[in-house]
Every structure is written in structure tokens, then in C-alpha cells.
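Coordinate-derived values only; no laboratory data. All values reported here derive from a predicted model rather than from experimental measurement. Please note: Cβ atoms are built from the backbone with ideal geometry, for glycine as well, and neighbour counts cover all protein chains shown.
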């Protein structure tokens, strides 16, 4: 086994196991920190897929942005620590039914498809290509998503704002 | 040689774990985490296909948009969660059933 | 000339428009607008008459027309037909109308609806002038109805008074009877000849396109219009009642112009009257002349006497047209217009004085009643003088205009009787001569009762005074126009107008009726006229003088006791006083009949039609009740059953909606799994 493959397996295990911690952890704050490992694992997997730009983006946005947001959310909604396993979760059997069913289905579908054209492009820097694409072929989705982001920002501020008038 | 299938399997497992999280957790922030897991697994799929199937990198571009959407979604979701928490000092989604019937 | 005629015609319309829209706000309530308009028309009419006199041609005629209605084969041209007849008629109408306008300045002063009065006068002038000018029967018919409307409006001018309002309605409705005949005649002419144009009708009749019985019928039916408008027997009943209108109106419309429209129409149409139609015309006219003269004897209302006198004189004119004395008939129309308008205005002057006097002494009575008058000669010298002149003219005394025309008519009727080999036709001159004697009698009865003798009511008498200048000047003008030489220039012969301009300008039109008899009648009549003239002249003078003497004997010298005589012939007296009970007869027959018919119709409506309607309604209603039950129990039951079934099903399904979002997610996963499995397998 090559060192490369061993490293890959290690990364995959890190990702999957941390995701499992997210799913099964009793304390929400543990889940939040496990999520950090998962996001990092994903970023490393992207490197294996020759997606340099996305790997960096994954770190910056998920780890530096969304995860921080989630942790803020966890911390601001306190009383979290007092919750027990029972009160914090729904029935584990029913939930597992959903999860296992989904996993089974996806794996079944993957097994059905041979993915014939396994071309496995060589590595090349993608940042320039992505920038060009965004400003040419993907200009319209890009503009729309910008507006969406702006709307989401304003909406989030509006919703989360303390309503002074009532007080 | 790392195959496409290994990525797909990792993605499938994480996706299932995300779905399980969404159903399993009563905490709204926990559900949000599950959703993030799902979105990440989808991204992984897109990027994997963009390397192994597509001649171009359309998959990566779609992944970028998904990341942006995920960011927006997280912001909105947390705003809503904060609002709910302020309203009832609780973020148990099983109790949020005023709109049934 | 056409333009001048148009101006004459349309100026009063302009005045009417201004008056009716702004009259109230104009200074002096806008009377000057109407007077200026009719004054200019009057001056223009004079200029037309001068042109006619310079041409001095009996055949003189100017026409102009434009297409008015053009619908495929249906074409009506509207145009002006201006011949000597129309010009003289224009002159008469504008003269009388202008003088009446001026006279009303004094007479109508202070009336509430002063401006409206002038507006109506202008509208009337416009319609009357249009009636004269238009070259086709359709236009004439329109204007004919318009003058009828004006007459209605002006008779009912004091509409607060019931009697005035009723008189207006009576005039209008009575005229409708005649106008209906006119309309049918019009339609006969149009269907036979396809035209309304007078000259084309003349052409058509002379080509024999309309002849025989139909022509006679058309003539008589058109004459029916004239019977109504000119108040001939049996449709004369409206005219005496029309005296409810203001006196200037009576003078203008019900003495000089509108009532003469019938005569004018018959004169215009005389070319198409068959011999039989002419006989009808002559007898209706002659009978009316005598008939209404006998009524006039016993009337005590000064205006009613004049009204019956007007009917009588119109009868003369109609008779003249009927016996073929066309020129004489139209001549009488002109002279009569002047002196009868004068008589009305003079009587208005008297009434005005009595009315004011009554106001002063605070007495309420009928200012028209001659029994309250007497001895006014000294108080109202001008009115007396002109009254006398008008009465002499009306009575047919030489040196006055009436003599010329009336004598010509009498001569004409005598000539007609002589020319016919049927002794029955001597009835016509007999009617005429008797009426002439009676006319003289009742006119002087009127004068004696009003102006001579002792005042019947001294208190009233004290406050009598002469009328203002705006009233006396028109009177004097009309008195001048009642003198004989006005019409006989250039010859000055007081016994006949034949050498004068009038006879020169107005010539009898050649009859278009081609029957041998028609022509023969015309020729023989003309020949006989000369024979009859002298004898007619003598008889009429003698009879007129006899009538006057009789009047003096009765009422002035009191040689004969009126009361005793009245007692002796009481039935006759009552017959005359009550106007031969014509109104009562109409009430008992026509009106009563109509009312009974109405009652029957009302009963029919109530019993039969309402019964049918009600029973239908009953059936429908009961059916509806049944239908309602069906709806309630069957249809509603079905609808409600479906509704409650759906609602119950919905209630049971509602439990699935738990509100637990995670249940939904699980459901979605299961659903997706099922779909995928199904598609894969």
C-alpha cells in the first residue's frame, strides 16, 4: 500500500467517524466540535480530487464562517448542557431506519452504475479557470446568487434583530 | 489508485449520517448541523464527478454555488433559531407544532 | 331674394334661442331681442314686397332647394318657394307680428313669464314664416305642427289657471283630429306621386298620376287639416276657448296668422282640388260663416264675440277657395288679418283698462264681460276710433278694406251659384249674405255695448283711461292698413280692388285637375263673376247697413225691447248662447264614448288580462314551491351529503399532519425509497 492510499484512508476515516460523532453525540457542543473535524476532512478530500480552490474555500467558509456561526448558535441558546439523552433526541430506531434506508439506497444505486468513463484528469490549477467561468458562462447564476446572499443577509439581520418597539 | 467509488461511498455514508442527524436531534442547531453534513456530502459528489466523469470542471462551479447557498441558509436558520429561542426559551423542534391542522 | 327670405325666416329662431336660454338674465328680460329680430324681418319683408311690386309680374317666382333626406329611393328636398302669394303672406305675418310684439310691451308689462312670452312669440313667428316659405308639403306639415305647439303654449300661457290650461289642451287635441287627416292626405299624395314638392305635385296631378276618387280624398283630407287649424265647423270649438290666452296672442295667432294658415294651405293647394273636393270646401266654409255668426250675436264676452267672428270670416275665405274665388279669398285673408288683429288689440286695450280699473277699486270680476262696460267712448277716444274703423271694415262698409274683399267673395259665390245649373248651390251666396248682415249686427252690438250709452258701473268707469303709446301706435297702424286705398293703389276705386296691385299680383293658378268639369267650372265662374259683381255689391251694402241699423235699433235707441224679444224666441236664443250645444254634444258623444270605451278597456284589462296574468303567476308560483321542495330535499341533500363526506374524510386524514417536521423528513425518505425501488425493479 502506498503512503498516499494510507493517508487517504486515514482522511476518509476521520471524516466519516467525526460525522458519526456529530450524529450520535449527546451534547450538542461535542457535535459542533466534531463538525470541525468533518469539514476539515472534506477539505482534504477535495485536495485528492484536484480541487485546490474549493479545498481552500471549504476551510475559509465552512470552518471559518458557518461553523463559527453554529457554535455561536449553540452558545447563545443555553440550557443546552442540562438536556439529557432522552429529552435531546427522538427515537433512535426510527432515526436509524431513515439513515440506513438512505445509505442502503445510495450504495445500491452506486453498485448499479459502472461509471464507465473513469478518465481521472491530471492535476491543474483551477482558480483561474473558475474565475473565468464565473464571469462568462456562469455569470447569471453568479449574479443571482449574489442577490440571494444579500437578501439572506438583510433577512437574517431583520429576523434576529431585537424589536425595540415592543419594549 | 484511488477510485471514484471510494469518494461516492464516503459521500453516501456522510449523507446518511446527516439524514440520521436531522431526524434524530430535537435541537434545532443539531438539525442544522445535519443539513450541513448533507450539503458537504453532495459537494463531495459533485467534485468527484467533475474529476472522474466530466471533461470540464462544472461540478466544482456548482459546488461553489452550493457553498454560498449553505452559508446563506446557515445565516437565516440561525436567525430563526435565535428568534424562536427568544420567544419561548427553548429550541425543541418537536414542540414547534402550532401550524398543524 | 332667397337670402332675404332666409333671413326673414331665421331671425325669429335666433331670437327664440337667445330668449329661451338667456332671456331671464338679459336687461329688460330680453324683449328687445325678439322685437329687433321681428323688426328686421319686417323691414326685409317690406323690401321683398317692393321687389315684387317693381317686377309687377303675376308669374313671378323664385325657388331654391337642397337635399334634406336622401335614403335610396326616398328623397326629400327642402327648399323655398317664393312667389307673390308667399311674399304678401310674409308681409302680413311680419307686420302683424311686429305690431303685436310692440303692443305686448305695454300689455304684458310686469308679467312673471314676460321673457318666455317673447320667446314663444319668436318661435311662433319662425314657424309661421317657415310654413309660408317651404316649397313642400312635408316641411309645411312640420311647421304646421310647430305653430300648433306655439298656439298650445301661448293659449296656456296663464297655466296657473285651470281654464287656460284646459283651453290649451282642447286646442291642441282638436287640432290633432284635423292634422291626422292632413297626415293621411300627405301620405296619399306621397304614395301616388312620390314627392312632397308643390310644383312636382302640380305636375303629377296634371299628368293624371293622381286622379279620380283618390284625388278628391286627398284634397278633402288635406282640407281636414285646414278645418282644424282654421277652426271650421265641426272642429271650431277650440278657437273661442283659445281666448284664454293673452290678448296679443289672440290677435296674432288666433285672428291674423295661424288660423289663416289653413286658408293659405288651401290656396296653395287649390290647383289639386277636384270639383267634389271644392264643393266640400265651399259648403264647410259657407256653413261655418253663417253658423258661427249666429253664435256671435248672443255672446257677452268681448273676446268670444271676436273669436266667433273670426271663425265666421275664416269660413268666408274657405268658401272663397271652394267656389274658385281664389284671389278674393286670399285678399280677404290679408285685409281680415289687419282689421281682426286690430280688433283684438283694441279689445285688449279695453280689457287692459277695465282690468286695471278693477284692480284699483278692488273688484274681482271678468274684465272681458261687455255687460260691465258702456260709455267708454269719452275715456278712450283713440281705442274707440280704431275700433269703429275695424268694425266698419269687418262689416263690409265701403271705403274700408273689408268691403273690397268680402264683396269679392260674395260676388264669387254668387257667380259660382249662377254658373252651376243646380239651384241648391244658391245656398252658398245665401249663407254668405246672411252672415254678412249678422256680422254687421253683432259688431255694432259690441260697439254700442262697450262705447256708447251710460256706464253700467260708474265706479269702474271712473278709473278707465286710455292705454299707453306702445299699445295705441300699433292700433293706429292697423287702422290705417284697414283703409281701402292701401290695397287698390294705383286705382282709387272704393268699390272694387280689381284695378289695384293686389289683384294684379295674385292670380288664380291654373287647376291641375284635368277633368272637363273642373275646367268648365273655372271658366264659367270667371265669366259669371263679372255678372254677379254688381248685384252682389248692392246686396251686401244693403244687408250690412241693415245689420248696423238693426243693432242701433236694438241696443242704442231701444226701439225694440231686447228682453221681450229674447223671451219670445227663447229656444233660439239659448241655442245661440250655448253655441248650439256643440261642446255638450261632443262631450256626450265623442268624449263620453271614448270614456266608455276606456272604461271597457280598463275592465277588460282588469278582468281578462289581469286574470290571465294572475293565473299564470299562480301556476308558476305553485310550481316554484314544488321545485323549492325538490331543491331543499333532493339537490341540497346530495350537495350536503358530498360535502359532509369530504369533510369527514378530511378530518380523519388531518391526524397525519402532526406538525413534527422530522416525521415529514422520514416520510419523504420513505417515499423516495419507494419510488426508487419501484423504478429500479
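Remarks
- Compactness index (Cα Rg / 2.2 N^0.38 Å), the protein assembly as shown: 1.93
- Binned Cα-Cα distances of chain C, short to long, each 10 Å bin given as a whole percent: 3, 14, 23, 23, 13, 6, 3, 3, 3, 3, 3, 2, 1, 0, 0
- Segment C:5-126: C-alpha gyration tensor shape, a/c 1.5 cut-off, then a/b vs b/c: oblate
- Cα pair count fraction exceeding 20 Å, expressed as % - segment C:253-320: 31 percent
- Computed from Cα atoms alone, the Kirkwood hydrodynamic radius reported for chain A is 19.9 Å.
- Each principal axis of the Cα cloud of segment C:167-300 was evaluated for its coordinate range; sorted largest first, these ranges are 53, 25, 21 Å.
- Solution diffusion estimate, µm²/s, Stokes-Einstein, segment C:1-62, Kirkwood Rh from C-alpha pairs, 10 °C, viscosity 1.306 mPa s: 123 µm²/s
- Per-bin percent of Cα-Cα distances, segment C:206-252 [5 Å]: 5, 18, 17, 15, 13, 9, 8, 7, 5, 1
- Per residue, the protein assembly as shown reaches -24000 deg cm²/dmol at 222 nm when only DSSP H runs of four or more residues are counted, each adding -39500 (n - 2.57).
- Relative intensity of chain B on a log10 scale, I(q)/I(0) at q = 0.24 Å⁻¹, equals -1.21, per a Debye sum over C-alpha point scatterers of equal strength in the absence of solvent.
- 5 Å binning of all Cα-Cα separations within segment C:574-681, expressed as whole percents from 0 upward: 2, 8, 6, 6, 6, 6, 6, 5, 5, 5, 4, 5, 4, 4, 4, 3, 4, 3, 3, 3, 2, 2, 1, 1, 0, 0
- Global size of segment A:126-167 as Cα Rg and Dmax, reported in angstrom: 16.8, 53
- Using alpha carbons only: equivalent-ellipsoid semi-axes of segment C:64-170, gyration tensor based, whole Å: 31, 18, 10
- One equal scatterer on each Cα of segment A:1-81, no solvent, Debye formula: the resulting log10 I(q)/I(0) at q = 0.14, 0.18 Å⁻¹ is -0.51, -0.76.
- Relative to the dominant Cα principal axis of chain C, helix C:2-22 is inclined by about 60°.
- Take C:386-393, B:41-48 and order them by the average number of nearby Cβ atoms within 10 Å per residue, most first; the result is C:386-393, B:41-48.
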